[in-house]
Structure formats: C-alpha cells, structure tokens
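Working notes, structure below.
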Amino acid sequence: MELSTEVQEGLQLCADNARISDNAFTVLVERVCDSILKKTTEYSVLDDKGLSDVDKAVLKQSYASVLALILEAAKHDVDASTISPLLEDNKFIPERIDSFNNIFQKRKTEIQVLLGSIGHTPLHIVDVDWRLDFYLKNNFIDKINEPVYMVTLKTEQSGSDKIKDIQFTCSMEQLQDLVGKLKDANKSLEKASQM
Amino acid sequence: MLLLLEDDHKRHLSFLIDVDVEVVQEFCRIAMEFIRKGVNPKVYQSAAQKLEVKPEVIQNGVEGLIYLLTESAKLMISEIDYQDSIMTLGFKEDLKQQLLQFYLENRKEVREILSRMSMDLPHYHNLEWRFDVQLASRSLRHQVTPLVTMKLHTEDSEKKEVHVLQTDPVNLLHLTQTLEGALAEMKSTHCRRIVRNINK
C-alpha cells in the first residue's frame, strides 16, 4: 500500500499535537468514516464543534489525507501491522496510532462492502414475476389452444436504484427447458460449495 | 363447424366440375406452390392456353382453391365438416375425395405458414450460464464473491436478441423456485378444468 507525498505531508500535520489535539483527531477520523458511508449529520466537517480549535486550512488537508489513507487501507484489506509502521514514518506517536487503528478496524467491514459494490457489472437479477395465459386464437389462425407464460425478470444496474424489466414469453416446453437449466446451475453451485 | 361458401366463390370453383382428374391435381399443386412462394401469373397464361379457356377462369379456379384451403386450415375443421361444406358445390365423388386429400395433406403446413404471419412476442430461445468468483476490482482487492453469469437468448419472429445478466446464489435459488411454482400451476385443478372445457 503506497501513499503519495501530498497525503503523507497531510498525515504529518495530523500527527502534530499542537495543530490537532487528541480529541480533535478522534472526531476527525470518525467524521471521515461517516462521510465515506454517506451518513449525514447536523454539522458539516468544517463547522463541527469538536474541530473548532483546528485551523481551517490544516483541517482540510488532514481530512483529505486521512480519507486517502482509510480508502487505501480498506481497499487492500490491511491490518494494524501494516498501518502502524506507515504512521510511525509520518511522525505519529503510538497512542495516536492505536486510536486510529481502533476506529478503523471497527468501520473497516462496512467500508469494504461499499467499495465492493462500486463497478460496472451486467444487470443483476433481483426478482422475477410470471403470468400464465391460455392462447386461444389470433387474426390468422383459430383454435391455437396452448398455455403460454409471460416472465418478467427484474434487474438492477450497479450505481442506480432503478429497476429494469426484461420480459419474454415461454411455451410449456420452453419454460421446462429454462427451469431445467436453472436447476443444473443450482446443483453445480451446491457441489462447488461442498468442495 | 361448417364452412359457408359465398356465391362468387362457388362460381369460381364450378370450373373444376368439367375438367379431368389430372387437371384438378395440377391445380391443387399450383395452389400449394402459390401459398408457399407467392402467385406467379405466367402459370395462368400457360394453363389457359393448354385448356383453351380464358386466363381469368384459371385464376379464379386456383384462387378459389387457395381460399378454400386457407379458410379450412384456419378454422381447423374436421373431415366430416369439410365434406359437408363442399357438398354444396355439386362435385363428383372422386373430385370430392381429391379435395379432401388435398385438405388433409396440406393443412398442417398451411397452419405453420399462417402462424409465421401472425404476431409474435419475444420468446425464450436458450439460456447459457456459468459460475464465477469475483476476486478483485479496481475499488476493492481480496474479494471472494460468488456470481452466476448468464446469457439469455430471446427470439422475436426471426430477430434474435441476447441479454447478459448476472445473479448471486441466493437470487438464483429464488428464481428457480418461483419458476418451478409457475410450471406446477399448469397442473392445478383450476387450469386443468379450463383447458378441458375449452378443448371440448
């Protein structure tokens, strides 16, 4: 896991007790995690009462650096043994390193779930609706007399809340074929999970 | 159910009363060719010259046969009903037999041709699937996420479409169970009763 020089300079600012007190540091790390997970609060970070004694320019730079650190650490799934040497190199005292690790380990899983859902994937099926009709006749032929199914697959696109429908019809044989193939897929999944 | 023939139609077909059995065979063959591939007016000309009648008479006769065949196939009338319907035309016995054979041999093919003309909705053609495990993405490394990727082929009167989709194992199970329930519905008493009563 590598961090750029700008991020490391920002971390060195965070390490300095004169600019950011211990309490302010804890509040800062928590606020960064909240904004990653899009939890809204009453005050913006700049107006937060816990951070009022920090100079605004320093606050902005430290905020950006802590954000970069947390995202990279979650992306690579690192634990305290990797983070601690990195923070030591940037002049963090051990108590502050522990404080960071505690907060980070608590929130890591949630952040990783969010990161995992970002990306381009094909439409993801979430639900299915069906309807059974009896096809009697059309304007060319009479006496067709066959059952016909209409299936709607409800799909989601990553990054959007909209549900897109994919509709198609099936005769009895076609639906049996489809269900047969789905059952094969299920069986192979079960076998794979038992390996 | 009887086929009701209009007077014009009967008049056109009356030409067939006076001609030989082979000529009627030929007309039946021409009628089927025209149903399969479309009308060819030159055939009328050559037939008219051979039989020494006007081309319009030949045309009416062949078109009468075509209409008789397509209407009978559309309504899927039984043998007996068909024979009763053509009784009003005043044909000889062997001519009637010939027309009956003509109907029985070709009605399945005519129904298939008619169904190709009728409306179609996108219907299921094939489903391909495969089982993947996602290991990493640009935003997150060290993943182990099971996924099923599928290719759904649908067809809409010759137009083929392919949808690439994915699910996770839970949704796959839900999908399978719901569609199995749909399939089982056809065997329920309610559906069986309706199908039986319509087909009566």
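The values are calculated or read from the model by the stated rules, or taken from the named source; none is laboratory data. All values derive from a computational prediction rather than experimental measurement. Using ideal geometry, Cβ is built from the backbone for each residue, glycine included, and neighbour counts are taken over all protein chains shown. Protein only, heavy atoms only, side chains kept; ligands, DNA and RNA dropped before computing areas. Shrake-Rupley method; radii C 1.70, N 1.55, O 1.52, S 1.80 Å.
How high is the relative contact order of the stretch A:1-159, in percent, with contacts defined as C-alpha pairs under 8 Å that are six or more residues apart?
Once divided by the residue count of the stretch A:1-159, the mean separation gives 23 percent.
What shape does the stretch A:1-91 take by its C-alpha gyration tensor, where a ≥ b ≥ c are the square roots of the eigenvalues and a/c under 1.5 counts as rounded, a/b above b/c as prolate, and the rest as oblate?
oblate
Pop out the ³J(HN,Hα) list for the stretch A:158-166 in order, Karplus 6.51 cos²θ - 1.76 cosθ + 1.60 with θ = phi - 60°, rounded to Hz; leave Gly and Pro as x.
Each residue's phi maps through the Karplus curve to give 5, x, 9, 8, 6, 9, 9, 9, 10 Hz.
Which net charge results for the neighbourhood of B:K151, defined as the other residues with beta-carbon distances under 15 angstrom from its beta-carbon, given Lys and Arg at +1 and Asp and Glu at -1?
Charge balance near B:K151 sits at -3.
How big is the stretch A:102-195 in terms of Cα radius of gyration and Dmax, in angstroms?
20.7, 74
Quick one: angle between helix A:22-36 and the longest Cα principal axis of chain A, in degrees between 0 and 90, rounded to 10, please.
Approximately 20 degrees, to the nearest 10.
How large is Rg over Rh for the stretch B:1-118, taking Rg from the Cα atoms and Rh as the Kirkwood inverse mean of 1/r across Cα pairs?
Ratio of gyration radius to Kirkwood radius for the stretch B:1-118: 0.94.
Ignoring ligands, DNA and RNA, what accessible area per residue does the protein assembly as shown give at 1.4 Å, in Å²?
Accessible area per residue, the protein assembly as shown: 58 Å².
How much of the accessible area of the stretch B:1-132, in percent, comes from carbon and sulfur atoms when a 1.4 Å probe is used?
Carbon and sulfur atoms account for 52 percent of the accessible area of the stretch B:1-132.
Whenever you get a sec, compute what percent of the accessible area on the stretch A:37-138 sits on carbon and sulfur atoms (1.4 Å probe).
Of all accessible area on the stretch A:37-138, carbon and sulfur atoms account for 57 percent.
In a Debye calculation with equal point scatterers on the alpha-carbon sites of the protein assembly as shown and no solvent, what is log10 I(q)/I(0) at q = 0.06 Å⁻¹?
Computed log10 I(q)/I(0) values: -0.52.
Given a cut-off of 18 Å, name the pairs among B:K74/B:K108; A:K154/B:K151; B:K37/B:K159 whose C-alpha atoms lie farther apart than that in the structure shown.
B:K37/B:K159
If you find the alpha carbon centre of the stretch B:124-151 and of the stretch B:1-73, how far apart are they in angstrom?
Their Cα centres are 61 Å away from one another.
Can you tell me the Rg and Dmax of the stretch A:1-155, counting just the alpha carbons, in angstroms?
Considering the stretch A:1-155 through its Cα atoms, Rg and Dmax are 26.2, 89 Å.
Checking an interface number: how much accessible area is buried between A and B, summed over both chains, with a 1.4 Å probe, in Å² rounded to 100?
Values: alone 13280 and 14560 Å², together 22870 Å².
Buried surface at the A/B interface: approximately 5000 Å².
What residue among B:H174, B:H153, B:H125 shows peak mean-square fluctuation when chain B is described by a Gaussian network model with Cα springs under 10 Å?
Evaluated over chain B, the most mobile residue of the options is B:H174.
Using helices alone, I'd like the mean residue ellipticity at 222 nm for chain A: each DSSP H run of four-plus residues gives -39500 (n - 2.57), total over residue count, nearest 500.
-17500 deg cm²/dmol
If you plug each phi of the stretch A:128-139 into the Karplus form 6.51 cos²θ - 1.76 cosθ + 1.60 with θ = phi - 60°, what whole-Hz ³J(HN,Hα) values come out, in order, with x for Gly and Pro?
With coefficients 6.51, -1.76 and 1.60, one gets 9, 10, 9, 8, 10, 10, 10, 7, 8, 7, 10, 6 Hz.
Could you check what % of the DSSP bridge pairs in the protein assembly as shown are antiparallel, to the nearest 5? Don't skip to the end; give the middle numbers.
Values: 40 of 43 bridges.
Just about 95 percent of them are antiparallel.
So how exposed is B:L89, as accessible area in Å² (1.4 Å probe, rounded to 10)?
20 Å²
What helices in chain B pass both tests, a Cα length along the helix axis of 18 Å or more and a mean Kyte hydropathy of -1.0 or higher, using whole DSSP H runs?
B:21-37, B:55-75, B:93-117, B:169-185
Compute the relative contact order of chain B as a whole-number percentage, counting only Cα pairs closer than 8 Å that sit 6 or more residues apart in sequence.
About 16 percent, as a whole number.
Cα convex hull of the stretch B:1-45: how many Å³ per residue?
Once divided by residue count, the hull of the stretch B:1-45 is 119 Å³.
So what's the gap between the Cα centers of the stretch B:173-191 and the stretch A:92-154, to the nearest angstrom?
What the calculation gives is 22 Å, centre to centre.
Any chance you could tell me what percent of the C-alpha pair distances in the stretch B:68-200 go past 27 Å?
Working: 4961 of 8778 pairs.
More than 27 Å apart: 57 percent of the Cα pairs in the stretch B:68-200.
Before anything else, pin down the relative contact order of the stretch B:1-65: Cα pairs under 8 Å, at least 6 apart, normalised by residue count, whole percent.
Computed value for the stretch B:1-65: 47 percent relative contact order.
Where does chain B land at 222 nm, in deg cm²/dmol rounded to the nearest 500, when only DSSP H runs of n ≥ 4 count, each adding -39500 (n - 2.57), divided by all residues? Don't skip to the answer; put the middle values down first.
Numbers: 8 runs with 118 residues, N = 200.
That calculation yields -19000 deg cm²/dmol at 222 nm.
I'd like to know how the stretch B:124-184 sits against the 2.2 N^0.38 Å rule of thumb: what's its Cα Rg over that expected value? Walk me through the intermediate numbers first.
Numbers: Rg = 14.9 Å, N = 61, 2.2 N^0.38 = 10.5 Å.
Expressed relative to 2.2 N^0.38 Å, the Cα Rg reads 1.42.
Can you give the accessible area of A:K164, probe radius 1.4 Å, in Å² rounded to 10?
Only protein atoms counted, so the area is about 100 Å².
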